[in-house]
């Protein structure tokens, strides 16, 4: 008997302490006073979330009108792990600072210019500083540390027009923007506005790195959108290190270079 | 009684160096003014409201005076000279201004002083009211629990703030809309939309203070209200806070420069006037050194925090603030993966406590190393709370386990308060038993940070504070003195410059 690929299934359930026990923990608040009726409502909600059986292990009144619950239950949903497609990983090799410097020096024969900022109302420079400052992030030094990269960190709450002007003035190869504030989707709005301003300022550009700077945006809450949605060349998420960004810049701006 | 055995001579040297570093900046602030300082003078004189486009009348008037005769002589003389003919300040925007001389100048100055004195009298009355209410409702025991409200809508903020007070908050901070620090005007009226916070306006201040007065009566303890002065309108927001009886204000001497890219000169000039107002209003300032550690490493940059605190202290004292009004800031931001990270935190926190024994220190929870693992974050917050109790911190901002994920949910705040209540109850007066071993790790670490502080302040005093800021000494961010926002609003005072507010505030009783 032959088994075709599409008949192979690998069913998995959450793991508490025994294979297949399917146990999960959930916490939530309901806008009702604490009591047996609230507990029943919590059980029903958990049931509708696919947990069965369920137990409410903790409830706490938060003021007269709200109750907090911690619930454990058995998830009734099954996941076929064999059908899960591996999300796309990094499409470029990770380089050391020395390799990055060598690539820039060998191919560009000048410094690679990066302009970074937090735009719009966002005052949180933590992200851009983690990537740009010498101090860096997660044990990796920031782009200021790279001998062949010239960094202009404009800081917080930079107007889009100023960013475009400074990028032009510095002849930037890449513009890095970080966006933390997500209230009312400010991060998406600001990024689109920036991309549009660069498109206007470089009307003859073909793509990032060809006629205009590469546009790179980073922040913790860009997971629901693609670069083309925003009009940028690349999105980086939470936990991105300076080395990943530097490696990407080389891959995107110096595609002819081969580290080997 | 020092638990760290700090050498009083080293401490005194650090203060002398901070004073030397601050002196040229104080001189700069004494001899210059800004558009916001002059607008604050008008606000004290009773000018309020905005035109149909929302531009405040104080901005319209200051811009008109500046365009016609400049601000080198201050706003008071040209405006009160012109007021002979224009009784409604709103008509002033179309007036012909001149800088009066001789007897006319004396007359205008006298009228200006009378008008500004009425505003300052209102600030004095508010201060007396606060003292009375503290007596009536009761003043909570430190450490005060500081909680943040930030919905963007003042009418949503109010019930949330009242709920937070009922849950145990002693201090309510209404976070401002992130864009506000870079607005060169103060918005008007009650506001219902903001980005990640609520606009600071006089009406929002009034509404929130009234709501907290109500809940203070209900709870039998006075609940303090905080907002943010830092930004381009520091002098005006400080003035409005005094007029509406806010109790604390974020007011850092360098925060706007480093984190908002506001011009250094503008910031220092605005800062001095705003602190003179705070001093008069009995407002406790909160400084922002905790922020440096969100960009710099909390171990490597520990001495920059102390150096900045000593500068903030010097600038504060010079502006008339007492030690009891200096809510110097610091934070629990050391990487928890580091061996002995808690001992290092204790060394830093105890050092700050001993350097500023009479200051209501504000201690900030971890943010940088809150990873999204809410369970580990809850533990880290508990260690932060313990460090706060153990080292006698005065104002504790309550850490949220969901820091960096979303603005706090109702349950996040409730769990955070449960955390701090447990630690306070369990630890009790543990600070009494906390005596780091002489020559031990904590004592040596504190000494080393203090020594590094002295070295740094020595360099800053020699090179100049503006040069140090330009070179990236604080928060690893470089801010040259000729760059940044708001430089256009800085004006050198001419001979005969008159500012009735400064005159009154600098008359020591």
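Only the coordinates and a few stated rules stand behind these numbers; no lab work does. Owing to the predicted nature of the structure, the values given are computational and were not obtained by experimental measurement. FYI the Cβ positions are ideal-geometry reconstructions off the backbone, even for glycines, and counts take in every protein chain you see.
Observations
- With Cα atoms, 0 to 90° folded angle of helix B:302-318 axis to chain B main axis: 40
- Alpha-carbon Rg with Dmax, taken over segment B:35-137, Å: 15.6, 52
- Order of B:396, B:158 under a 10 Å beta carbon neighbour criterion, fewest first: B:158, B:396
- Using only alpha carbons, segment B:172-223 has a radius of gyration to Kirkwood radius ratio (Rg to Rh) of 1.06.
- Mean projected area of the Cα convex hull of segment B:229-446, taken over all directions, amounts to 12.3 nm².
- Taking segment B:100-241 and dividing mean pair separation by its residue count, relative contact order in percent (alpha carbons under 8 Å, at least six apart): 25
- Relative contact order (percent, whole number), chain B, Cα cutoff 8 Å, 6+ residue spacing: 20
- Normalised per residue, the volume of the convex hull around the Cα set of segment B:322-481 (Å³): 150
- Neighbouring Cβ atoms from other chains, within 10 Å of the Cβ of residues in A:171-181, number 1 on average.
- For segment A:10-83, the relative contact order is 41 percent, taking Cα pairs closer than 8 Å that sit 6 or more residues apart in sequence and dividing their mean separation by the residue count.
- Relative exposure of B:441, B:273, judged by other C-beta atoms within 10 Å (fewest first): B:441, B:273
- Remark on the protein assembly as shown: Rg and Dmax equal 28.1, 113 Å (Cα only).
- Residue-averaged [θ]222 nm for chain A, counting only DSSP H segments that reach four residues, each worth -39500 (n - 2.57): -7500 deg cm²/dmol
- Judged by the gyration tensor of its Cα atoms, with axes a ≥ b ≥ c, segment B:77-118 is oblate; a/c meets the 1.5 cut and b/c is at least as large as a/b.
- A viscosity of 1.002 mPa s and a temperature of 20 °C, combined with the Kirkwood radius over Cα pairs in Stokes-Einstein, give a translational diffusion coefficient for segment B:193-237 of 179 µm²/s.
- Cα convex hull of chain A - mean projected area over all directions, nm²: 20.9
- Over chain B, the alpha carbon radius of gyration divided by the compact-protein estimate 2.2 N^0.38 Å works out to 0.97.
- Taking other C-beta atoms within 10 angstrom as a stand-in for reagent exposure, A:110, B:459, A:212 fall in the order A:110, B:459, A:212, fewest first.
- Over segment A:1-82, the alpha carbon radius of gyration divided by the compact-protein estimate 2.2 N^0.38 Å works out to 1.48.
- The equivalent ellipsoid of segment B:268-355 has semi-axes of 28, 12, 9 Å, largest first, where each one is the square root of 5 times an eigenvalue of the Cα gyration tensor.
- Within segment A:78-203, the proportion of Cα pairs with more than 24 Å between them is 41 percent.
- Sorted on the mean count of surrounding Cβ atoms within 10 Å across their residues, most packed first, peptides B:225-234, B:485-494 read B:225-234, B:485-494.
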